[in-house]
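Note sheet for the following structure.
The values are calculated or read from the model by the stated rules, or taken from the named source; none is laboratory data. On a predicted model such as this, the values are computed, not experimentally measured, just so you know. Here Cβ is always computed from backbone atoms with ideal geometry, including for glycine, and neighbour counts include all displayed protein chains. Keep in mind that these areas ignore ligands, DNA and RNA; they rest on the heavy atoms of the full protein, side chains included. Shrake-Rupley method; radii C 1.70, N 1.55, O 1.52, S 1.80 Å.
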Number of protein chains: 2
Amino acid sequence: MIEKKKKYHHGDLKEQLVESVRQLIESHGPDGWSIAEACRSAGVSTAAPYKHFKDREEILHEVILSGMRRMGEAMQAAADAYPAGDPERIVALGKSYIDFARSEPGIFALMFGMAGSRIEAPKLTEEGRGKFAIVIRVVAEHMGRSQDDPAVNARAYALWCAVHGHSFLALDGKADKTEITVSEDDYLHLVGAAFLPPTKTD
Amino acid sequence: MIEKKKKYHHGDLKEQLVESVRQLIESHGPDGWSIAEACRSAGVSTAAPYKHFKDREEILHEVILSGMRRMGEAMQAAADAYPAGDPERIVALGKSYIDFARSEPGIFALMFGMAGSRIEAPKLTEEGRGKFAIVIRVVAEHMGRSQDDPAVNARAYALWCAVHGHSFLALDGKADKTEITVSEDDYLHLVGAAFLPPTKTD
DNA sequence: TTGACTTTGTTAGCGGTACTAACATATGTG
DNA sequence: CACATATGTTAGTACCGCTAACAAAGTCAA
């Protein structure tokens, strides 16, 4: 019975490299990784990755993309946990966003800080669009309006910004250690109430 | 008449290196710079910077710090352009924030994306605190309450998050090219009105 | 089965980068 | 002027991204 007999061909190198890089990013920061180090942890030579990726940036894209998919699933799950119209649904959606940022701060920073900046990756922007679509849909259902309604769009965007802004500021300790006294839960409810007054019935 | 006769001593290397790095960051992205390249543009050897900075990170700190100071001044100037209580004052403050993010996207990303992450720089967090203090003060004056009032704190924080979130999302083109239809001006007024209702008089 | 083709590894090496050590030159102060 | 200090240089180390040339393993049809 060969458990992990050293094979010449790794068998699953591409995915393992992505996972190794992900771990390195979480433990040493968005820039605290190298192809060489990921290779070491995967037990292959430093040239091996180039059979699967064009360059460093392409590896990073894959890592970010996997993060976006995880985040999208978390948001979807959070929204599904409450019925349409329940104000807590919006709050839960925001919480899932923030929770992801807190549990995977390195990837989160890369996803939205654009690390290398000016990344021209259609797949990434497409994934981002998909996540905004979730917010749009939840807001539309909450307000009982069409997803195309400008008011829905504006409020969904405002919610996104408020949640995203808090996520970012909370990460660096900007929110904890300065003079901010409002709790996260209170903040989320304040924001939800501000942009989605429950009196909306027309 | 010696204009720029090659002197052995540069005379102002420290500041010029910071400026060179700043330019490189704006033209090639937050990670698109190297000490070597900055040295080339300053006309010195690659070892020269180490007489002024401990390492790469310390150079970056200085660059980020200078950006924070510029941003703080811009915010202060924007707030000073309107009298206390004028709702446009809040909007102008938010605009100045966004304008800075747009005019210096590279530095902005580093300031809040924490690029290298986990930067333990008291001077940086202190500068950040100072900028939040501006918002607190403006909101307190607007609401006619003390700066210590929890309601002031919560609203100031919400405004900060909303503006910061928009700045970040707007930079990567996430806000322009997706289905977001609300204009920036409308967004700012919506946010301002949501958190600072003009009916506040008690 | 076998033998060609493809895939996925390897080693060796190039050029670029951060940083250090040892040395050289300018500046300022008694 | 003499000497200490500040600020530059050259030379060298170690690491990294990436490529080229080669080797082993998997695939598939005759």
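Miscellaneous remarks
- Intensity falloff of region B:11-53 expressed as log10 I(q)/I(0), Debye formula with alpha-carbon point scatterers, at q = 0.22, 0.29, 0.31, 0.33 Å⁻¹: -0.63, -1.02, -1.13, -1.22
- For A:Glu15, neighbours were defined as the other residues whose beta-carbon sits under 12 Å from its Cβ, and their charges (Lys and Arg +1, Asp and Glu -1) total -1.
- Take each residue in B:130-142, count the other chain C-beta atoms within 10 Å of its C-beta, and the mean is 1.
- Overall, the anisotropy analysis places the protein assembly as shown in the oblate class: the square-rooted eigenvalues a ≥ b ≥ c of its C-alpha gyration tensor yield a/c not less than 1.5, with a/b not exceeding b/c.
- Largest to smallest in accessible area, the residues A:Arg70, B:Arg89 fall in the order A:Arg70, B:Arg89 (1.4 Å probe, all protein chains included).
- The figure for A:Thr46 is an accessible area of roughly 90 square angstrom, using a 1.4 Å probe on the protein chains alone.
- Interface B:A - total buried accessible surface [probe 1.4 Å, Å², rounded to 100]: 3600 Å²
- Label 7 Å beyond Cα on the Cβ vector: B:Asp86 copy-to-copy distances, nm: 4.7
- Each copy carries a label point for A:Asp185 at 7 Å from Cα along the beta-carbon vector; from one copy to the others these points are 4.2 nm apart, nearest first.
- Copies compared at A:Gly32 - label distances in nm, ascending, label defined 7 Å from Cα in the Cβ direction: 2.7
- Within chain A: Cβ-based charge dipole about Cα centre, in debye rounded to nearest 20 (Lys, Arg +1; Asp, Glu -1): 740 debye
- Using a probe of 1.4 angstrom and keeping all protein chains present, the accessible surface of the protein assembly as shown works out to 49 square angstrom per residue.
- Extension gain from A:Gln16 to A:Glu58, taking 0.36 nm per residue of separation minus the Cα-Cα distance: 13.7 nm
- Protein heavy-atom surface of chain A, 1.4 angstrom probe: 53% of the accessible area is carbon and sulfur, with nucleic acids and ligands not counted.
- The ellipsoid that matches the Cα gyration tensor of chain A has semi-axes, each √(5λ) in whole angstrom, of 38, 18, 15, with the longest given first.
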